[in-house]
Each structure stands twice: as structure tokens, then as C-alpha cells.
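*Asks:* The structure's right below; bear with me while I get my questions together.
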Amino acid sequence: VQIYVGAARLAEGIAGALNPGEFSVTAPTQLTLRLPAGVVSGQLLPLRIFVNGAEAPPHWIVAP
């Protein structure tokens, strides 16, 4: 699994103890992530998810 928020690639982390710029797979259909440091609240960012080399349809998210 690879996740990109904007131009930043997130690193895999440990669920419940994620640092900025990390994600974890918490269930077969669920991901948890922390946005990278420096993201501004309200910023519109592209979210790209790759699983086994296949990219899911791109989505846009708004930083909380």
C-alpha cells in the first residue's frame, strides 16, 4: 500500500501512534492517516492510494 497526499508519500506507521506523514491499515477496507507537517487547515489536497500497484480513483480532501 502506498499513499500520497499532495506530493508527499506517507510512510507506514503503527495504528494508534501515528506521527505526521504516516498511515496504517486498520481494517481490510479502512485506512487511518496523519497529514504531513506543514499542511494548512482548509487546504485542498489530492489523495492517491495504490494497492498492489493499482491506483484507486483519485480523490480530493480538505485538511481539517
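Laboratory data are not the source of any read-out in this text; all were calculated from the coordinates shown. Keep in mind that what you see is a predicted model, and the values were worked out from it rather than measured. FYI the Cβ positions are ideal-geometry reconstructions off the backbone, even for glycines, and counts take in every protein chain you see.
*Asks:* Could you work out the local net charge near Pro36, counting Lys and Arg as +1, Asp and Glu as -1, over the other residues with Cβ closer than 13 Å to its Cβ? Show your work: numbers first, answer last.
*Replies:* Details: positive: Arg9, Arg34; negative: Glu22.
Cβ neighbours under 13 Å give a net charge of +1.
*Asks:* Calculate one ³J(HN,Hα) per residue across region 34-45 by plugging θ = phi - 60° into the Karplus curve 6.51 cos²θ - 1.76 cosθ + 1.60, and present them in order as whole Hz with x for glycine and proline.
*Replies:* 10, 5, x, 4, x, 6, 8, 4, x, 5, 8, 10
*Asks:* In whole percent, what relative contact order does the chain give with Cα contacts below 8 Å and a gap of six or more residues? Before the final figure, lay out the partial values.
*Replies:* Details: 120 pairs, mean separation 19.4, N = 64.
The value is 30 percent.
*Asks:* Taking amide hydrogens as modeled 1.01 Å from N in the peptide plane, which residues meet the under 5 Å criterion relative to Leu35, leaving out close sequence neighbours?
*Replies:* Amide H neighbours of Leu35, under 5 Å, 5+ apart: Gly21.
*Asks:* Given the options Leu45, Leu31, Leu18, which has the most mean-square fluctuation in a GNM of the chain, springs set between C-alpha atoms less than 10 angstrom apart?
*Replies:* Top of the fluctuation ranking is Leu31.
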